[in-house]
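One structure is given below, encoded as structure tokens.
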Amino acid sequence: MKKSTRALLGLVLLDLIVVAGAWWMIDRTQSGAWNSNDPAGSITMVTTTAGMLVGVISVALLLAFAAHRRAGN
């Protein structure tokens, strides 16, 4: 497997892990399993943080993909 392909696969897998974790945390908050003083604020914080993480991971791994592709790997 080429390094550039591994970078793209890592991008997809890490993004899926972050999104699945955020979905699970939001589900726990909405169902009442996790108590919060402000459930809406908690959900907003989770989605904002997850979105930021997906963005950072995507940029880093897309830059790695481009660098490896340019190098022929």
Looking at region 43-73, which of its residues are at pLDDT 95 or above and polar (S, T, N, Q)?
THR44, THR47, THR48, THR49
Is it the case, given these coordinates, that THR29 is among the polar types (S, T, N, Q) and in contact with a Pro (Cβ under 6 Å, 6 or more places away or on another chain)?
yes
Just to check your reading of the model, which residue among ALA50, ALA66, ALA60, ALA7 is of a type outside the set (Ser, Thr, Tyr) and exposed (fewer than 13 other Cβ atoms within 10 Å of the Cβ)?
ALA66
Checked pairs for region 15-43, first surrounded by 10 or more Cβ atoms within 10 Å (Cβ to Cβ), second not in a helix (DSSP H, G or I), C-beta under 8 Å and 6 or more apart or across chains, list as MET25/TRP34; ARG28/TRP34; THR29/SER36; SER42/TRP34; SER42/SER36
Would you pick out the residues in region 19-39 that are out of contact with any helix residue (DSSP H, G or I) (no Cβ under 9 Å at 6 or more places or on another chain) and under 16 Å from GLY51 (Cβ atoms)?
ALA20, TRP24
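Which members of region 19-73 meet the condition of being outside any helix (DSSP H, G or I) and more than 19 Å from ALA7 (Cβ to Cβ)?
Filtering region 19-73 for residues outside any helix (DSSP H, G or I) gives 32-38, 72-73.
Within region 19-73, GLY32, ALA33, TRP34, ASN35, SER36, ASN37, ASP38 meet the criteria.
The values are calculated or read from the model by the stated rules, or taken from the named source; none is laboratory data. Computed from a predicted model, the values in this text were never measured in an experiment. Positions of Cβ are backbone-derived with ideal geometry, glycine not excepted, and every protein chain shown enters the neighbour counts.
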